[in-house]
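Have a look at the structure below before the remarks.
The values are calculated or read from the model by the stated rules, or taken from the named source; none is laboratory data. This is a predicted model, so every value here is computed, not measured. Because the Cβ atoms are built from the backbone with ideal geometry, glycine has one as well, and the counts that use them run over all protein chains shown. These accessible areas exclude ligands, DNA and RNA; they are computed on the full protein's heavy atoms, side chains included. Shrake-Rupley method; radii C 1.70, N 1.55, O 1.52, S 1.80 Å.
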Amino acid sequence: MRTKLLFPLLTLLLTVQRAMADDYETLHAGKIDNPMLWADVPDPDVIRVGDTFYMVSTTMHLMPGAPVMASKDLKNWETVGYIFDRLTDSPKYDLLEGTAYGRGQWATSLKYHNGRFYALLAPNERGAMGDTYIFTAERAEGPWTILSRMRHFHDCSLFFDDDNRVYVVYGTGELMELKPDLSDVIEGTHQHIFQREADERGLLEGSRMIKHNGKYYLLMISHTYAPGRHRREVCYRADDIHGPYEKQVILESEFGGFSYEAQGTIVDSPDGDWYGIIFQDRGGVGRVLTVMPCRWINGWPMLGDEEGRVPAAVRPVVAGQPATAIVKSDDFSSRRLGLHWQWNHNPVDAAWSLSEHPGFLRLKTCRAVNTLYLAPNTLTQRMEGPSCSGSIAVDVSHMRDGDRAGLAAFNSDTGALVIKKQGKRLVLEMQEMTVRLSERDKEVTGFEEKTIERIPLSSDKIWLRIDADFRPAAQGGNDAANFYYSLDGDQWTQVGTRDYKMRFDWQRFFMGTKFGIFCYATKKTGGYVDVDAFNYSKKDN
């Protein structure tokens, strides 16, 4: 009798378990896993216009600059434009008379007011090169035009109040009012709106000002040095923009086996839900983005789950959106270069083409230099975690003596597959490179190239591939890059350093490692290579 009852009971339990599993899968099928963007997307500002979220991020010396990304659901993002094509204030941006590594565009503030988009950014430079730009556009995709330039404001936030008065909040709690036409500041309006705490000896940075239910909220990253205190996101709140302000820690959480995170902003959905978007330092891949609930508790925008921690996943704002990405494959069949690409410094437009050999990217030498770090027209894309792979097929038949071309895990410490033309011979080298830069002008004061392995080539077409692994060390990752070549695009041979260590160095490039496609001359110009395709894949586990 017991046996007869047991089987129906087990069947019922299994049915309930399957139903619960199906419900769980349905609920989480479209979830946003954190990091929301496991790629180098630091200093974010995010706004919503209608049903679309728009985001800007720092890309410093990469051009075009100040990428604008769009999403309907906070899960699927795509680059839709750039605020500027290039910066022209100095020959540094052209890799002449110094460089702009780690400088250039920083911490852009994005706003939408009275039917127009506005972006405020200040290059991290001294003198006139560091003057603040204000851009405006009718559409986030552009075109953007320069509205004004004025004195430097560090990590600033543009803010339009309800009475149409306009402010910039910057530095460690400083504020100035702008003229109604945004042409300049109103002299005499400078104010310190709060004083930092005694143990906050570093700058409070990453200002993001919003207004909610009649109150002013300024979000910032706080660096503290007291025992038991960590990098954290803080919020200053006031009933009047001029203060007085009170303070609350709204996030103090490590996540995913990496450090404590802070700096970002909050944004609401069309349904009235709020989200925080905060970045986290993750070594070689750069500074990645996480998304989390923002719960208004006693008038404070508290970030994280109910325990105040960054969650492993959240539900997207809306379901069923098409998959999009900010890093992509490219067969170079378009007449225009895809928005997923950026050049290292300003490109030399006459030295690259998508039309001279349709279906190929042609990179032409235009300046003889002695290192990749000074080479014009290195084309880059972000790398992504947990792991990813990028490869190119390249025709090298038109390289000249002294030319170098290839694919790099590009950063201030670089691992690269370098094809060299030496007289009439071709060789492939896997190299480890590093550069030294002067502190003030970022001038290249020295570099090293260490050849790990050299392979003679007899073919004019070669395939190059870099695999990158950014998983936490506990999961077997270690910011490792591995390098491969092929003579047919099918059979791959590993070459050079195994598990080359990719690094993040804030004192030099201050960016995550990028895929870099390059071709430059060391002797005479006139050579070129044709890149057939860039094939990219990302692994989520």
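Pairs please, first residue from region 171-196 and over 23 Å from ALA238 (Cα atoms), second anywhere and of a type in the set (S, T, N, Q) and surrounded by 14 or more Cβ atoms within 10 Å (Cβ to Cβ), Cβ atoms under 6 Å, 6+ apart in sequence or on different chains. Listed pairs, sorted by first residue: LEU182/SER148; SER183/SER148.
Taking region 99-126 only, how many residues are closer than 18 Å to ALA375 by Cα and either open to solvent by 10 Å² or more (accessible area, probe 1.4 Å) or in contact with a Ser or Thr (Cβ under 6 Å, 6 or more places away or on another chain) (or both)? The qualifying residues number 1.
Just to check your reading of the model, which residue among PRO386, PRO358, PRO376 is open to solvent by 20 Å² or more (accessible area, probe 1.4 Å) and not aliphatic (A, V, I, L, M)?
Numbers: PRO386 fails: open to solvent by 20 Å² or more (accessible area, probe 1.4 Å); PRO376 fails: open to solvent by 20 Å² or more (accessible area, probe 1.4 Å).
The match here is PRO358.
On the given criteria, is GLU177 over 30 Å from VAL317 (Cβ atoms) and surrounded by 14 or more Cβ atoms within 10 Å (Cβ to Cβ)? Quick ask: steps written out before the conclusion?
Numbers: over 30 Å from VAL317 (Cβ atoms): yes; surrounded by 14 or more Cβ atoms within 10 Å (Cβ to Cβ): yes.
Judged against the criteria, GLU177 is a match.
For region 317-336, enumerate the residues that are more than 29 Å from THR380 (Cβ to Cβ) and either surrounded by 19 or more Cβ atoms within 10 Å (Cβ to Cβ) or among the charged types (D, E, K, R) (or both). Within region 317-336, VAL317 is the sole residue that qualifies. Identification of strands (runs of 3 or more DSSP E) wholly contained in region 427-541 with 1 or more residues that are β-branched (Val, Ile, Thr) and under 21 Å from the mean Cα position of the chain (by Cα) yields 461-469, 514-521. Residues that are at pLDDT below 95 and open to solvent by 80 Å² or more (accessible area, probe 1.4 Å): does region 28-42 have at least one? Yes, some residue in region 28-42 is at pLDDT below 95 and open to solvent by 80 Å² or more (accessible area, probe 1.4 Å).
The requirement of being within 22 Å of SER259 (Cβ to Cβ), touching a Leu at 6+ places or on another chain (Cβ under 6 Å) and touching a residue at least 40 places away in the same chain (Cβ under 8 Å) is satisfied by ARG508. Can you tell me which residue in region 133-155 is farthest from LEU182 (Cα to Cα), limited to those that are in contact with an Asp or Glu (Cβ under 9 Å, 6 or more places away or on another chain) and not acidic (Asp, Glu)? By that ranking, first place goes to HIS154.
Residues of region 349-373 that are of a type outside the set (Gly, Ala, Ser), assigned to a loop (DSSP other than H, G, I, E, B) and free of Cβ contacts under 8 Å to residues at least 40 places away in the same chain: LEU354, GLU356, PRO358. Taken over region 225-244, the criterion of being outside any strand (DSSP E or B) and either among the charged types (D, E, K, R) or in contact (Cβ under 8 Å) with a residue 60 or more places away in the chain (or both) is satisfied by ARG229, ARG231, ASP239, ASP240, ILE241, HIS242.
Restricted to region 404-426, and to residues there that are assigned to a strand (DSSP E or B) and among the polar types (S, T, N, Q), the residue that is farthest from the chain's Cα centre (by Cα) is GLN422. Here the condition is being in contact (Cβ under 8 Å) with a residue 60 or more places away in the chain, open to solvent by 30 Å² or more (accessible area, probe 1.4 Å), of a type outside the set (Lys, Arg) and out of contact with any Leu (no Cβ under 6 Å at 6 or more places or on another chain); of THR497, THR513, THR525, THR451, it holds for THR525 alone.
Scanning region 127-143 for residues that are open to solvent by 30 Å² or more (accessible area, probe 1.4 Å) and under 21 Å from GLY50 (Cβ atoms) yields GLU138, ARG139, GLU141, PRO143.
Being assigned to a loop (DSSP other than H, G, I, E, B), of a type outside the set (A, V, I, L, M) and out of contact with any Phe, Trp or Tyr (no Cβ under 9 Å at 6 or more places or on another chain) is the filter here, so list the residues in region 78-105 that pass it. Please lay out each step first, then the result.
Our first condition is that a residue be assigned to a loop (DSSP other than H, G, I, E, B); within region 78-105, this holds for 85-90, 95-104.
This time we only want the ones that are of a type outside the set (A, V, I, L, M), so: 85-86, 88-90, 97-99, 101-104.
Listed by number, the residues that qualify are ASP85, THR88, ASP89, SER90, GLU97, GLY98.
Looking at (1) more than 23 Å from THR58 (Cα to Cα); (2) open to solvent by 40 Å² or more (accessible area, probe 1.4 Å), can you tell me which one PHE504 breaks? The number of the failed condition is (1).
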